[in-house]
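Below is one structure, written out as structure tokens; the observations come after it.
The values are calculated or read from the model by the stated rules, or taken from the named source; none is laboratory data. On a predicted model such as this, the values are computed, not experimentally measured, just so you know. All Cβ positions, glycine included, derive from the backbone under ideal geometry; neighbour counts span all protein chains shown. Surface areas here come from the heavy atoms of the whole protein model, side chains and all, with no ligands, DNA or RNA. Shrake-Rupley method; radii C 1.70, N 1.55, O 1.52, S 1.80 Å.
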Amino acid sequence: MEAAGASLSSVPPTPSSLAPHHWQGAPLRFRQVLKLGALEAPRLNSSPGRHPGEFLISPVEGVLRVRKDVELDREAIAFYNLTICARDRGVPPLSSTMLVGIRVLDINDNDPVLLNLPMNVTISENTPVSSFVAHILASDADSGCNALLTFNITAGNRERAFSINATTGIVTVNRPLDRERIPEYRLTISVKDNPENPRIARRDFDLLLIFLVDENDNHPLFTESTYLAEVMENSPAGAWGILEASESSGSI
Ligand SMILES: [Ca+2]
Ligand SMILES: [Ca+2]
Ligand SMILES: [Ca+2]
Ligand SMILES: [Ca+2]
């Protein structure tokens, strides 16, 4: 019997070609195929009981391909170990096997997901600049750049009162706040993946509501700068008048 083997090229196989191969080509969803140069009819043995059926191999040509009715999903199975067997028709038949490792490359087919929005946060109106407000969490089922997330505040950030760290998602106070002017903020937080390739980026967005708690940070003010009162001489003790004053935080 001739020595049976397999390789990735058209070069006649040698015993050394029985070493495992790793196929890391373009995404398999494009139906790329791997030609195995077996000298005799190869057969595909999936691992018993695991992932049967994603691949098939033509028995004569040794072309390994993804089945037509299968859509590979890297997020479910990222790597396949296939055992290819080539068997002759001698008596008795002899065979050889080789391993083909197939890594499924990622495409950006999952949106990032904001995990803890919408959220309500209440802070003092006197919270200092740079203070922590909230930590926005997000996840993305893809990998690499397709799961590299960038945070942004896209609406509601009046006077740029808050900022968000694009990488960590931590929201902080960016300017001095004043409940008497702006008592609450409705920030739209967005997260998107693939910062280096906006064309294929996917995104999610949701609300962060920030309510400011009143602090006693305003002195009462008289409504007039001077008052003139006239009192009759010999007025009895206890005669009175009303002076008006107001305060921004509320009436006195
Ligand atoms: Ca993604
Ligand atoms: Ca993916
Ligand atoms: Ca104030
Ligand atoms: Ca106040």
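Couple of notes before you dig in:
- Residue match in region 158-176 (condition: touching a helix residue (DSSP H, G or I) at 6+ places or on another chain (Cβ under 7 Å) and assigned to a loop (DSSP other than H, G, I, E, B)): yes
- Considering the conditions (1) of a type in the set (A, V, I, L, M, F, W, C); (2) within 22 Å of R199 (Cα to Cα); (3) surrounded by fewer than 16 Cβ atoms within 10 Å (Cβ to Cβ); (4) away from ligand 2 (no atom under 16 Å from the Cβ), I153 is excluded by exactly one of them, (3).
- So R67, is it among the charged types (D, E, K, R), more than 16 Å from ligand 4 (Cβ to nearest atom), open to solvent by 60 Å² or more (accessible area, probe 1.4 Å) and modelled with pLDDT under 95: yes
- Once region 73-87 is narrowed to residues that are open to solvent by 30 Å² or more (accessible area, probe 1.4 Å) and modelled with pLDDT of 90 or more, the residue that is farthest from G144 (Cα to Cα) is N81.
- The set of residues in region 97-113 being more than 14 Å from ligand 2 (Cβ to nearest atom) and either closer than 14 Å to A141 by Cβ or exposed (fewer than 15 other Cβ atoms within 10 Å of the Cβ) (or both) consists of L99, G101.
- So L94, is it surrounded by 14 or more Cβ atoms within 10 Å (Cβ to Cβ), without any contact (Cβ under 8 Å) to a residue 40 or more places away in the chain and farther than 30 Å from N197 by Cα: no
- Residue match in region 87-109 (condition: within 30 Å of R186 (Cβ to Cβ) and within 35 Å of the chain's Cα centre (by Cα)): yes
- Between N197, N146, the distinction of being surrounded by fewer than 13 Cβ atoms within 10 Å (Cβ to Cβ) and either of a type in the set (D, E, K, R) or within 16 Å of ligand 2 (Cβ to nearest atom) (or both) belongs to N197 only.
- Lone unmet requirement of (1) within 16 Å of ligand 4 (Cβ to nearest atom); (2) of a type outside the set (A, V, I, L, M); (3) modelled with pLDDT of 95 or more for N218: (3)
- If you go through region 181-233 and keep only what is in contact (Cβ under 8 Å) with a residue 60 or more places away in the chain and within 16 Å of ligand 3 (Cβ to nearest atom), you end up with I210, F211, L212, V213, D214, E215, D217.
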